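Asker: I'd like to ask some things about the structure below.
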Amino acid sequence: VLSDAAAKREAFLTRLDGQRHNPVLAAADLDSLQAAFTGYYDLATRTAKRMTDGETGEGVATAMSDMTARYTTIRQRFADATARDREAVAGGFTSARRAQGLTGWATVLVTLIVIVVGVGLSTAIIRGITSSIRAFAEGFARMSGGKLPTSPPGMSGDEVGHITQDAHTNVERDG
């Protein structure tokens with residue numbers, strides 16, 4: 001039984017030592033836990049040996065009480081650490097939910113801004129194109145009514161403006 005306990009002790013201490021690279025755990029806390037566990041294990045081993053050797057009495061009872069107190073202390077440290085870590089994790093999730101909500105609102109706001117800017121630019125471009133086409137159409141309507149313009153209407157520098165200029169040149173030439 002004691003050799004099985006020794007193997008479990010070594011496995012626990014190895015696992016504990018493996019946590020030294022964990023950035024969440026403080027080295028001082030690991031050292032303190034290792035010392036408490038080693039002290040408990042050594043006391044338990046000595047007490048078990050005394051009991052298997054047949055010793056009884058107040059000395060063994062005192063050692064058993066000391067073992068119980070040490071075990072309770074170690075167990076309470078684990079319970080306190082677990083409660084502290086659960087609270088930290090819950091706080092982390094709360095922060096993450098809050099950040100996710102803010103990100104959602106920011107995404108909606110940016111999307112709305114992009115839509116408004118897109119609609120504004122589209123409106124400006126469409127008005128520019130339609131005003132050139134409207135002027136061109138009005139000029140041809142006047143020409144079909146027999147009114148020949150002496151100068152082309154205010155022309156834009158786009159394709160419609162070029163067509164208007166070409167049409168005016170043709171009208172002047174064919175006159």
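The values are calculated or read from the model by the stated rules, or taken from the named source; none is laboratory data. Keep in mind the model is a prediction, meaning the values are calculated, not measured. Note that each Cβ is placed from the backbone with ideal geometry, even for glycine, and that neighbours are counted across all protein chains shown. Accessible surface areas use protein heavy atoms only, side chains included; no ligands, DNA or RNA. Shrake-Rupley method; radii C 1.70, N 1.55, O 1.52, S 1.80 Å.
Asker: Within the stretch 31-40, can you find the residues that are more than 13 Å from D66 (Cβ to Cβ), open to solvent by 30 Å² or more (accessible area, probe 1.4 Å) and either touching a Lys or Arg at 6+ places or on another chain (Cβ under 7 Å) or not hydrophobic (A, V, I, L, M, F, W, C) (or both)?
Answerer: D31, S32, Q34, T38
Asker: Here's another thing I want to ask about it. Hey, any hits in the stretch 66-87 for a residue that's closer than 30 Å to D158 by Cβ and modelled with pLDDT of 95 or more?
Answerer: Looking for residues that are closer than 30 Å to D158 by Cβ and modelled with pLDDT of 95 or more, one finds none in the stretch 66-87, hence no.
Asker: Can you name the residue in the stretch 18-30 that is part of a helix (DSSP H, G or I) and of a type outside the set (A, V, I, L, M, F, W, C) and is also farthest from R70 (Cα to Cα) among such residues?
Answerer: H21
Asker: From the list T68, T72, T107, which residue is over 30 Å from A48 (Cβ atoms), of a type in the set (V, I, T) and either open to solvent by 90 Å² or more (accessible area, probe 1.4 Å) or free of Cβ contacts under 8 Å to residues at least 24 places away in the same chain (or both)?
Answerer: T107
Asker: Does the stretch 49-63 include one or more residues that are hydrophobic (A, V, I, L, M, F, W, C), in contact with a Ser or Thr (Cβ under 8 Å, 6 or more places away or on another chain) and part of a helix (DSSP H, G or I)?
Answerer: Within the stretch 49-63, one or more residues are hydrophobic (A, V, I, L, M, F, W, C), in contact with a Ser or Thr (Cβ under 8 Å, 6 or more places away or on another chain) and part of a helix (DSSP H, G or I).
Asker: Considering R46, R75, which residue is in a helix (DSSP H, G or I) and under 17 Å from L16 (Cα atoms)?
Answerer: Unique residue meeting the criteria: R75.
Asker: May I pose another question? Going residue by residue through the stretch 53-62, is there one that turns out to be open to solvent by 70 Å² or more (accessible area, probe 1.4 Å) and not acidic (D, E)?
Answerer: Yes: one or more hits.
Asker: Quick test of your reading of the structure: T123 fulfils all but one of (1) open to solvent by 70 Å² or more (accessible area, probe 1.4 Å); (2) farther than 30 Å from D4 by Cβ; (3) among the β-branched types (V, I, T). Name the failing condition by number.
Answerer: Going through the list (1) open to solvent by 70 Å² or more (accessible area, probe 1.4 Å); (2) farther than 30 Å from D4 by Cβ; (3) among the β-branched types (V, I, T), T123 breaks only (1).
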